[in-house]
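*Asks:* A single structure is presented below for examination.
Only the coordinates and a few stated rules stand behind these numbers; no lab work does. These numbers were taken from a predicted model, which means no experiment stands behind them. For neighbour counting, all protein chains shown are included, and Cβ atoms are generated from backbone atoms with ideal geometry for every residue, glycine included.
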Amino acid sequence: MISRNILILLSILVLLTQTGCQALKPKKVSAKDFPPDPRERVKKNVEEGRGFRLMGGSNSGTNYEFASSNPLWRATLDTLDFMPLVSANYSGGIVITDWYSENDSPNEAVKISVRFLTNEIRSDALDINVFLKKCTQNLTNCSISKNNNDLVADLNLNILKKATKYRNDAIEKNKKENPYIIGDKD
């Protein structure tokens, strides 16, 4: 006697194999319906919604990238590489440096925090704060001021320039490695 669960399983298996037979029949296709140039075939398939992309597909939903592939993140770390970091949290989107002072001016120190508002390379992508600490000669009395606007603007411009260069280099590298991809993912 066959148990009830095995009988149900066999019934489902039979139904699945019977309904899937239509998909196994090959369609008749003419070669003249497809362009001979691979780029044109890729373009036609993308326009018709066939196939899939492993990288650079739809921009909907959350986009998880490695920190090393995010040009804005890399440019920020490269710009601030002379300063010791207190925190660099990619998932939280923030970089905070420690207080930094030059050897010739120990009474002045600077601390920078960079918060990422978006991964896109644009002028409002970063929230940069610069803190300047000035102390008396004996380092007993210190005052802290926030946001030297010239330094914030210089940092923002420098980071955006580097990020743009990194993104363009990645696009060029991708074009050389995958000449059949149309456009870039940005």
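*Asks:* Per-residue HN-Hα couplings for region 86-98, Karplus 6.51 cos²θ - 1.76 cosθ + 1.60 at θ = phi - 60°, whole Hz, x for Gly and Pro?
*Replies:* 8, 8, 9, 10, 5, 5, x, x, 8, 10, 10, 8, 8
*Asks:* Show me 89-102, 150-163 ranked by packing, highest mean number of other Cβ atoms within 10 Å first.
*Replies:* Details: 89-102: 14.1, 150-163: 16.4.
Ranking the peptides 89-102, 150-163 by packing returns 150-163, 89-102.
*Asks:* Can you check what the Kirkwood hydrodynamic radius comes to for region 67-177, Cα pairs only, in Å to one decimal? Write out the running numbers ahead of the final one.
*Replies:* Numbers: mean 1/r = 0.0660 Å⁻¹.
Here the Kirkwood hydrodynamic radius works out to 15.1 Å.
*Asks:* Further question on the same structure: Amide H of residue 148 versus every other amide H placed in the peptide plane: which residues, excluding those fewer than 5 positions away on the same chain, fall under 5 Å?
*Replies:* So residue 148 has HN proximity to 130.
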